[in-house]
1. So what is the orientation-averaged projected area of the range 53-114, using the convex hull of its C-alpha atoms, in nm²?
2. For the chain, what is the mean residue ellipticity at 222 nm derived from helices alone (per DSSP H run of n ≥ 4: -39500 (n - 2.57); sum divided by total residues; nearest 500 deg cm²/dmol)?
3. Between residue 13 and residue 86, 0.36 nm times their residue separation minus their Cα-Cα distance comes to what?
4. Identify which of 106, 21, 132 has the largest mean-square fluctuation in a Gaussian network model of the chain, with springs joining Cα atoms closer than 10 Å.
5. Given R₀ = 35 Å, what would the calculated FRET efficiency be for residue 131 paired with residue 37, taking r from the Cβ atoms and rounding to 0.05?
6. If one computes P(r) from the Cα atoms of the range 6-140, what percent of pairs lie at distances over 17 Å?
7. Tell me the relative contact order for the range 6-140 as a rounded percent, counting alpha carbon contacts under 8 Å between residues six or more apart.
8. Considering only 86, 22, 121, give the residue with the highest GNM mean-square fluctuation for the chain, with springs between Cα atoms whenever their separation is below 10 Å.
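Throughout, read-outs are computed from the coordinates displayed, never taken from laboratory work. Just so we're clear, the structure is a prediction, and the values are computed from it rather than from any experiment. No Cβ is skipped: glycine too gets one built from the backbone with ideal geometry, and neighbour counts run over all protein chains shown.
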């Protein structure tokens, strides 16, 4: 793998289900081109997809920011939106506040935050009702 730092930001539009998965696919392509270990790549792909879907379903819009150093990859999801009133409840598998539209499209099963937390080596979430949500995830790179 190449030894350098990288930073990219991907805008995600609220309620735009037609672009769902575009940002996470771009992240996966970029990291694959850079030679990220397939196991780490899979975990980042899952976490970035879940974060992107949460931005589409639950926020008023936001962004995913990817940074990479020789030792780790960080993924940050930042949105303006309604915020999360009870983070502990939102982290429970199956809990969802997704709209009927999202559910009818096959989204909103309540696995987004749990999947992000499960796949990240470090996971931190902060949210303020009426302001938005910030999720920071870190993934340690395997050294070959």
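1. Over every viewing direction, the Cα hull of the range 53-114 projects on average to 5.0 nm².
2. So the calculated ellipticity at 222 nm is -10000 deg cm²/dmol.
3. 23.9 nm
4. 106
5. After rounding to 0.05, the efficiency reads 0.45.
6. It works out to 55 percent of all Cα pairs.
7. The value is 27 percent.
8. Comparing 86, 22, 121 in a Gaussian network model of the chain, the most mobile one is 86.
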